[in-house]
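K.L.:
First the structure, then my questions, so here it is.
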Amino acid sequence: GDSVTQMEGPVTLSEEAFLTINCTYTATGYPSLFWYVQYPGEGLQLLLKATKADDKGSNKGFEATYRKETTSFHLEKGSVQVSDSAVYFCALSDLDRDMRFGAGTRLTVKP
Amino acid sequence: EAGVAQSPRYKIIEKRQSVAFWCNPISGHATLYWYQQILGQGPKLLIQFQNNGVVDDSQLPKDRFSAERLKGVDSTLKIQPAKLEDSAVYLCASSLFQGLNTEAFFGQGTRLTVV
């Protein structure tokens, strides 16, 4: 069945460092791909999404490109801030199927 | 726009007791989801409603879990009797409709601790 695998955390970076969180997927169809973020004590919020191959989703300085050839949707940010500390979830949604989530990657950014 | 509302935020119960969670989705959203998020894991779908009908409940432990969506709006999720392994955050989410490209909006969740 459809599934998402993302890199294990936790990830600890210094402020202004470059961030990459890897995500790969398995799907029988052509899913939409999402990154959700969960700040401490809050629910999941959509960070960005891409609906077809080669689409790039972007928001708040974060970017991810839908790579069909490598079945990947890696999350990147050029310069992280302390306020980016959160848990990041990669997810996919396929036609007529529920949204499947990865296990989450906890990011801690130190000043 | 009001978000997805859930209550209570926290609940502590003893094993074998029963518990119920409530969710009010975003107005006009036809699809409602209940997810279970165990510490350190991603959310796992328990049940999905389209209006007041069940679309997918394949991962709902039906011997102890039940859910309903009254009049296609609010929803309740019940556990009876609870087990220790039910300790988790229960997330409710809603979306305009089901399917590809559809963003799900999440509530803050209910943290359940079974002791």
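The values are calculated or read from the model by the stated rules, or taken from the named source; none is laboratory data. Nothing here was measured: the structure is a model prediction, and the numbers come from that model. Using ideal geometry, Cβ is built from the backbone for each residue, glycine included, and neighbour counts are taken over all protein chains shown. In case anyone asks, the SASA skips ligands and DNA or RNA and just uses the protein heavy atoms, side chains included. Shrake-Rupley method; radii C 1.70, N 1.55, O 1.52, S 1.80 Å.
K.L.:
What lysines sit close enough to A:Lys110 to cross-link, taking a C-alpha to C-alpha distance under 21 Å and skipping anything fewer than 8 places away on the same chain?
P.N.:
Within the straight-line limit of under 21 Å, A:Lys110 reaches these lysines: A:Lys60, A:Lys77.
K.L.:
At a probe radius of 1.4 Å, figure out the B/A buried accessible area, summed over both chains, and give it in Å² to the nearest 100.
P.N.:
In total, chains B and A hide about 1600 Å² from solvent.
K.L.:
Quick one: what are the phi-derived ³J(HN,Hα) couplings along segment B:63-70, Karplus 6.51/-1.76/1.60 with θ = phi - 60°, whole Hz, x for glycine and proline?
P.N.:
6, 9, 9, 9, 8, 9, 10, 6
K.L.:
Take B:Arg69, B:Arg16 and sort them by solvent-accessible surface of the protein heavy atoms, 1.4 Å probe, largest at the top. Don't skip to the end; give the middle numbers.
P.N.:
Numbers: B:Arg69 15, B:Arg16 175 Å².
Final ranking, largest accessible area leading: B:Arg16, B:Arg69.
K.L.:
Right, here's the next one. Given a 1.4 Å probe, show me the residues in segment A:25-61 buried by at least 50 Å² of accessible surface when comparing the whole protein assembly to the chain alone.
P.N.:
Buried by the other chains: A:Leu44.
K.L.:
Continuing with this model, one more query. Hey, what did chain A get for relative contact order, percent, Cα under 8 Å, at least 6 apart?
P.N.:
Rounded, it is 37 percent for chain A.
K.L.:
So, one more: Could you please state how large a percent of the accessible area of the protein assembly as shown is carbon and sulfur, counting protein chains only and using a 1.4 Å probe?
P.N.:
Using a 1.4 Å probe with all protein chains present, the protein assembly as shown comes out at 48 percent carbon and sulfur.
K.L.:
Here is a further query. In Å, the Kirkwood hydrodynamic radius of the protein assembly as shown over pairs of distinct alpha carbons?
P.N.:
18.0
K.L.:
Straight-line reach from B:Lys78: which lysines have Cα under 30 Å away, leaving out those fewer than 8 places along the same chain?
P.N.:
Within the straight-line limit of under 30 Å, B:Lys78 reaches these lysines: B:Lys11, B:Lys15, B:Lys44, B:Lys62.
K.L.:
For A:Lys68, A:Lys56, write out the residues from largest to smallest accessible area, computed with a 1.4 angstrom probe and no ligands counted. Numbers along the way, then the final one.
P.N.:
Numbers: A:Lys68 100, A:Lys56 120 Å².
Per-residue accessible area, sorted high to low, gives A:Lys56, A:Lys68.
K.L.:
Let me cross-check A:Met7: its accessible surface, 1.4 Å probe, with only protein heavy atoms counted, in Å² to the nearest 10?
P.N.:
About 60 Å², ignoring ligands and nucleic acids.
K.L.:
Give the long-range amide H neighbours of B:Thr31: residues separated by 5 or more places, or on another chain, with amide H under 5 Å away, using H modelled in the peptide plane at 1.01 Å from N.
P.N.:
Excluding prolines and chain starts, which carry no amide H, the hits are B:Asn51, B:Ser95, B:Phe97.
K.L.:
Here is a further query. Leaving ligands, DNA and RNA out of it, rank B:Arg9, B:Arg64, A:Arg106 by accessible area with a 1.4 Å probe, largest first. Each step should come with its number before you reach the end.
P.N.:
Numbers: B:Arg9 80, B:Arg64 30, A:Arg106 135 Å².
Output order, biggest surface exposure first: A:Arg106, B:Arg9, B:Arg64.
K.L.:
For segment B:27-58, which residues drop by 50 square angstrom or more in accessible area between the chain on its own and all protein chains together (1.4 Å probe)?
P.N.:
Residues of segment B:27-58 that lose at least 50 Å² of accessible area once the other chains are added: B:Pro43.
K.L.:
Which one, A:Thr12, B:Tyr90, A:Ser85, is farthest towards the positive end of the dipole of the protein assembly as shown when Lys and Arg carry +1 and Asp and Glu -1 on their Cβ?
P.N.:
With unit charges placed on the Cβ atoms, the residue in question is B:Tyr90.
K.L.:
Accessible area per residue of segment A:9-77 at 1.4 Å probe, in Å²? It would help to have the intermediate numbers written out before the result.
P.N.:
Working: 3380 Å² over 69 residues.
For segment A:9-77, the per-residue accessible area is 49 Å².
K.L.:
Turning to a different aspect of this structure: Per residue, how much accessible area does segment B:1-62 show when a 1.4 Å probe rolls over the protein heavy atoms, in square angstrom?
P.N.:
Spelled out: the 1.4 Å probe surface of segment B:1-62, per residue, equals 53 Å².
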